[in-house]
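Report on the structure given below.
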């Protein structure tokens, strides 16, 4: 039986001899892996964006003008007794007006005609990090909103709800399209390997005629498949990294996106793509070389 | 060395390539197999190196029945049988050395021993100065000599050759035939298929004539006149060159 070194040598000889074919195949497969990577990256960033906004959630409970100091203390102690509440800041009517003026900036003089301050006092409730998810915030808001002395509770909920639904749909679309892309990648790899196999059909036949066993003929091809899968998936991910860096550099994130830092694919997903590439390469070679083994 | 008992081979649609072949080739013999195109020469050789299996009958090589030899044991048998084809069947992106060395690597021979053996064999076919040349840079005769070197480098028991000079001119043909004779003189059993009548008459060896898949004659001692008649009947009436 041949030594492993000769199997490597055969694989290398063939890569060298069919360099152009392998180069074209590598370009096609890399592009396919890049597309897979784009879908994974999009899914990862949709998740990150959801988490980012969830973590920014603050709950504002507006108070009735009739709430006196005693009632305020009672409400405060009830708030602190609730699970997930980290801190509560009381904003009185005057402070609310000052904040509002600050927001209006040079247009603040518009407020000078007001005879009385229309803004309510409020509690700005900051939640513990782990408590900042939409469902828990909704529950807390409903409860606080039912208390006497609280007129309204706002957590920027309506748009966050809509955004969560949109993200859910987008994520599902990414998985469906990503799945289709993976199927397409398997098809492309399999057919690209088949194409390279055709150019080596005679070589396989000759090797068998002079006494090479099936395993010996298959192994160099499988090795090439693994190598091709590894290199092309790594190239695809590399291309994705470059695109990611370029997007970070050139992008200015507007409005609600400000402060959000796009994430790259996780280490686990990267390893899965590269190892998946090697696996697909091996399987593609193995399935295709069998078509040419009957001599 | 080679024994065939009632061997027949049919392909699809009942086309009979070989019909009830009975044949015995002794160790060290040199047998010429001839007949018109489609007579069954190539099929017979393919049965011997198990590229095909007989439809009926038994084939024994070195006393061992190989008719039902398991697929996984076929490579080991092929490593003991050298085969030379009309179209050389060399791997064109391998050098002459790599083409010849491959079969020795299959046997797991040490690297240094491979180098020595390949060089000796290429010296025998007078191509030791073309070790690093690629087949397509060689002439047809040289390519066939590389194919012969590959076939004999393992010191096979049997050397099968299917129209090895079919694409070569007369002078190179004679050169190649001298090589086969030399290999035979070293003890290797040679079975060579050809439809070149001139070659058959010059070689003066045992000749098996096939016609439509059957053995028309198998006689090493028959007179040249009788043989000429049989060759003519087998469709080889005109001299090939």
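The values are calculated or read from the model by the stated rules, or taken from the named source; none is laboratory data. Quick caveat: nothing in here was measured; it's all calculated off a predicted structure. We place every Cβ from the backbone using ideal geometry, glycine too, and count neighbours over all the protein chains shown.
The conditions are (1) at pLDDT 90 or above; (2) outside any strand (DSSP E or B); (3) surrounded by 15 or more Cβ atoms within 10 Å (Cβ to Cβ), and residue B:84 fails exactly one of them. Which is it?
(2)
Can you name the residue in the stretch B:90-107 that is part of a helix (DSSP H, G or I) and facing another protein chain (nearest Cβ under 7 Å) and is also nearest to residue B:131 (Cα to Cα) among such residues?
Residues of the stretch B:90-107 part of a helix (DSSP H, G or I): B:96-106.
From what's left, facing another protein chain (nearest Cβ under 7 Å): B:102-103, B:105-106.
On the way: B:102: 13, B:103: 16, B:105: 16, B:106: 19 Å.
For the stretch B:90-107, the residue satisfying everything is B:102.
Based on this model, can you work out whether residue B:86 counts as touching a strand residue (DSSP E or B) at 6+ places or on another chain (Cβ under 8 Å) and within 14 Å of another protein chain (Cβ to nearest Cβ)?
Values: touching a strand residue (DSSP E or B) at 6+ places or on another chain (Cβ under 8 Å): yes; within 14 Å of another protein chain (Cβ to nearest Cβ): yes.
It is true that residue B:86 is touching a strand residue (DSSP E or B) at 6+ places or on another chain (Cβ under 8 Å) and within 14 Å of another protein chain (Cβ to nearest Cβ).
For the stretch A:51-156, which strands (runs of 3 or more DSSP E) that fit wholly inside it have 2 or more residues that are within 27 Å of residue A:259 (Cβ to Cβ) and out of contact with any helix residue (DSSP H, G or I) (no Cβ under 8 Å at 6 or more places or on another chain)?
Numbers: elements: A:59-63, A:85-91, A:122-127, A:150-154.
Here the list reads A:59-63, A:85-91, A:122-127.
Scan the stretch B:63-75 and tell me whether some residue there is within 8 Å of chain A (Cβ to nearest Cβ), over 25 Å from residue B:166 (Cβ atoms), under 18 Å from the mean Cα position of the chain (by Cα) and crowded, with 18+ Cβ neighbours inside 10 Å.
Yes - at least one qualifying residue is present in the stretch B:63-75.
Of all residues in the stretch B:47-56 being surrounded by fewer than 19 Cβ atoms within 10 Å (Cβ to Cβ) and more than 10 Å from chain A (Cβ to nearest Cβ), which is farthest from residue A:207 (Cα to Cα)?
Going through the stretch B:47-56, the residues surrounded by fewer than 19 Cβ atoms within 10 Å (Cβ to Cβ) turn out to be B:51-53, B:55-56.
From what is left, the residues that are more than 10 Å from chain A (Cβ to nearest Cβ) are B:52-53, B:55-56.
Details: B:52: 16, B:53: 19, B:55: 26, B:56: 28 Å.
The selected residue is B:56.
Checking residue B:60 against (1) surrounded by fewer than 16 Cβ atoms within 10 Å (Cβ to Cβ); (2) more than 25 Å from residue B:188 (Cβ to Cβ); (3) touching a strand residue (DSSP E or B) at 6+ places or on another chain (Cβ under 6 Å), which test does it fail?
Of the numbered conditions (1) surrounded by fewer than 16 Cβ atoms within 10 Å (Cβ to Cβ); (2) more than 25 Å from residue B:188 (Cβ to Cβ); (3) touching a strand residue (DSSP E or B) at 6+ places or on another chain (Cβ under 6 Å), the odd one out for residue B:60 is (2).
Among the residues of the stretch A:21-38, is there at least one that is within 14 Å of another protein chain (Cβ to nearest Cβ) and more than 24 Å from the chain's Cα centre (by Cα)? If you could, list the steps in order and put the result at the bottom.
Residues of the stretch A:21-38 that are within 14 Å of another protein chain (Cβ to nearest Cβ), as a first pass: A:21-22.
Okay, now just the ones that are also more than 24 Å from the chain's Cα centre (by Cα), so A:21-22.
Yes: one or more hits.
Okay, residues lined up against (1) touching a residue at least 60 places away in the same chain (Cβ under 8 Å); (2) touching a strand residue (DSSP E or B) at 6+ places or on another chain (Cβ under 8 Å); (3) farther than 17 Å from residue B:85 by Cα:
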position: B:124; (1), (2), (3): no, no, yes
position: B:146; (1), (2), (3): no, no, no
position: B:168; (1), (2), (3): no, no, no
position: B:176; (1), (2), (3): no, no, no
position: B:187; (1), (2), (3): yes, no, yes
position: B:191; (1), (2), (3): yes, yes, no
position: B:195; (1), (2), (3): yes, yes, no
position: B:213; (1), (2), (3): yes, yes, yes
position: B:217; (1), (2), (3): no, yes, yes
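I'm told residue A:185 meets every condition in (1) assigned to a helix (DSSP H, G or I); (2) within 14 Å of chain B (Cβ to nearest Cβ); (3) surrounded by 20 or more Cβ atoms within 10 Å (Cβ to Cβ) except one. Can you identify the failing condition by its number?
So the condition that residue A:185 fails would be (2).
On the basis of being surrounded by 21 or more Cβ atoms within 10 Å (Cβ to Cβ), more than 12 Å from every other protein chain (Cβ to nearest Cβ), modelled with pLDDT under 90 and closer than 18 Å to residue B:175 by Cα, does residue B:125 make the cut? Reasoning before the result, please.
Details: surrounded by 21 or more Cβ atoms within 10 Å (Cβ to Cβ): yes; more than 12 Å from every other protein chain (Cβ to nearest Cβ): yes; modelled with pLDDT under 90: yes; closer than 18 Å to residue B:175 by Cα: yes.
When the stated conditions are applied, residue B:125 passes them.
Would you check if residue A:122 is more than 40 Å from the chain's Cα centre (by Cα) and touching a residue at least 60 places away in the same chain (Cβ under 8 Å)? Don't jump to the end; show me each part of the working.
Working: more than 40 Å from the chain's Cα centre (by Cα): no; touching a residue at least 60 places away in the same chain (Cβ under 8 Å): yes.
No, not satisfied.
For the condition in contact with a helix residue (DSSP H, G or I) (Cβ under 7 Å, 6 or more places away or on another chain), part of a helix (DSSP H, G or I), within 14 Å of chain B (Cβ to nearest Cβ) and closer than 30 Å to residue A:275 by Cβ, what is the one hit in A:207, A:197? Outline the logic, then answer.
Working: A:197 fails: within 14 Å of chain B (Cβ to nearest Cβ).
Residue meeting the stated conditions: A:207.
Which residues, taken from the stretch A:210-229, are within 9 Å of chain B (Cβ to nearest Cβ) and either in a helix (DSSP H, G or I) or out of contact with any strand residue (DSSP E or B) (no Cβ under 8 Å at 6 or more places or on another chain) (or both)? Give the steps one after another, and end with the answer.
In the first step, residues of the stretch A:210-229 are kept if they are within 9 Å of chain B (Cβ to nearest Cβ); the result is A:210-214, A:216.
A:211, A:212, A:213, A:214, A:216, listed by residue number.
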